[in-house]
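Below: the structure, in structure tokens.
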Ligand SMILES: *Cc1c(COP(=O)(O)O)cnc(C)c1O
């Protein structure tokens with residue numbers, strides 16, 4: 001068996017120990033005589049898996065008691081609609097900060113469910129930075145302010161928590177959730193698809209402050225009504241059982257590794273390996289404003305873009321795949337989430353060094 005070094009932006013590489021345990025338990029989960037995929041979601045075995053996963057989420061993220069943790073389906077793109085369906089009716093309009101492709105998409109989708117106001121954008125800068133808080137022009141009494149904490153495509157991360165006072169802050173954290181500790185109490189709602197940092201696709205994490213529940217518009221599908229899902233412990237409909245099980249294994253792995261503080265340290269070291277190299281190279285460059293560089297998605301360009309294909313082929317020959325940048329951004333992108341080992345990042349850096357030496 002040969003495993004590649006997978007720099008995919010998502011679905012992304014998972015810890016090997018998680019895959020091994022899942023393989024061991026595939027036919028018979030802990031003496032139950034069943035695969036997790038075959039279990040009733042209301043049976044004692046899955047009930048145990050679900051509650052363990054939920055309590056690990058609460059523990060690792062230090063979720064305060066006045067927040068509900070939901071495990072839903074539809075991914076972050078569905079949340080772009082589900083969030084306004086559930087929250088926007090409080091005032092009828094919401095504010096969006098646009099720092100790249102994902103937050104732009106969020107705003108465009110929300111416009112179908114209420115009035116949206118773009119409070120700030122970095123479009124003029126080519127989405128290479130996070131709009132400074134001082135530039136956010138909020139509307140009067142928005143139901144919430146939405147931003148994306150890590151723009152997966154551009155490689156732009158918000159390294160501070162926006163202070164929006166009494167206005168609930170909503171964050172799409174799909175690509176940096178659990179990469180570092182966060183203060184949940186500063187947010188009204190956080191959502192994240194699992195397939196970047198915390199599991200496979202198919203399960204969406206939503207953490208929402210309890211007092212924001214109960215405002216869904218009448219047209220909200222029941223399965224996407226936060227209040228209804230909270231009342232039913234995320235079991236109003238059949239939850240994505242297998243994806244939740246794998247997420248639980250990933251969370252156990254994070255806990256064994258020392259929790260989110262250790263994840264943050266690890267992610268700082270890994271991303272610095274690439275950014276330090278990029279800053280000393282005249283052949284490769286990163287175009288993101290220094291203060292806003294993503295620790296999860298390191299984007300870079302070759303000075304001579306006609307060498308892109310050769311660069312990608314050379315990487316693939318060394319077992320390093322999925323380095324091509326998103327088609328909206330071009331160039332290259334190395335996604336180095338929690339599960340990417342330091343040694344793999346160093347191997348990429350060494351390859352880039354070698355490629356530069358032979359082509360510069
Ligand atoms: C991947 C990603 C999405 C899209 O997630 P889906 O699961 O395809 O809905 C949305 N936002 C961000 C920041 C992402 O990284």
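State whether one or more residues within the stretch 83-95 are in the same structural domain as residue 131 (by TED's automatic domain parsing), within 11 Å of the ligand (Cβ to nearest atom) and either more than 17 Å from residue 167 (Cα to Cα) or surrounded by fewer than 24 Cβ atoms within 10 Å (Cβ to Cβ) (or both). Full working, then the answer.
Of the residues in the stretch 83-95, the ones in the same structural domain as residue 131 (by TED's automatic domain parsing) are 83-95.
Pick out the ones that are also within 11 Å of the ligand (Cβ to nearest atom) and you get none.
Looking for residues that are in the same structural domain as residue 131 (by TED's automatic domain parsing), within 11 Å of the ligand (Cβ to nearest atom) and either more than 17 Å from residue 167 (Cα to Cα) or surrounded by fewer than 24 Cβ atoms within 10 Å (Cβ to Cβ) (or both), one finds none in the stretch 83-95, hence no.
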>> Quick check on my filter: what residues within the stretch 291-350 are without any contact (Cβ under 8 Å) to a residue 60 or more places away in the chain, in a helix (DSSP H, G or I) and in contact with a strand residue (DSSP E or B) (Cβ under 7 Å, 6 or more places away or on another chain)?
In response: 308, 311, 312
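Can you tell which of 118, 130, 107 is touching a strand residue (DSSP E or B) at 6+ places or on another chain (Cβ under 8 Å) and under 14 Å from residue 88 (Cα atoms)?
Working: 118 fails: under 14 Å from residue 88 (Cα atoms); 130 fails: under 14 Å from residue 88 (Cα atoms).
Answer to the check: 107.
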> Do you know which residues across the stretch 132-151 are more than 17 Å from residue 275 (Cβ to Cβ) and surrounded by 21 or more Cβ atoms within 10 Å (Cβ to Cβ)?
Replying inline: 142, 143, 144, 145, 146, 147, 148, 149
>> Which residue is surrounded by the most Cβ atoms within 10 Å (Cβ to Cβ), if the candidates are limited to the stretch 63-82 and must be within 16 Å of the ligand (Cβ to nearest atom) and more than 16 Å from the chain's Cα centre (by Cα)?
In response: 82
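Does the stretch 34-53 contain at least one residue that is under 19 Å from the mean Cα position of the chain (by Cα) and either within 15 Å of the ligand (Cβ to nearest atom) or touching a residue at least 60 places away in the same chain (Cβ under 8 Å) (or both)?
yes
Is it true that residue 268 is modelled with pLDDT of 95 or more, part of a helix (DSSP H, G or I), closer than 28 Å to residue 162 by Cα and out of contact with any helix residue (DSSP H, G or I) (no Cβ under 8 Å at 6 or more places or on another chain)?
On the way: modelled with pLDDT of 95 or more: yes; part of a helix (DSSP H, G or I): yes; closer than 28 Å to residue 162 by Cα: yes; out of contact with any helix residue (DSSP H, G or I) (no Cβ under 8 Å at 6 or more places or on another chain): yes.
It is true that residue 268 is modelled with pLDDT of 95 or more, part of a helix (DSSP H, G or I), closer than 28 Å to residue 162 by Cα and out of contact with any helix residue (DSSP H, G or I) (no Cβ under 8 Å at 6 or more places or on another chain).
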> Among the residues of the stretch 252-259, is there at least one that is out of contact with any helix residue (DSSP H, G or I) (no Cβ under 8 Å at 6 or more places or on another chain) and either surrounded by 20 or more Cβ atoms within 10 Å (Cβ to Cβ) or at positive phi (or both)?
Replying inline: yes
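The values are calculated or read from the model by the stated rules, or taken from the named source; none is laboratory data. What you see is a predicted model; the values in this text were computed from it and never measured. FYI the Cβ positions are ideal-geometry reconstructions off the backbone, even for glycines, and counts take in every protein chain you see.
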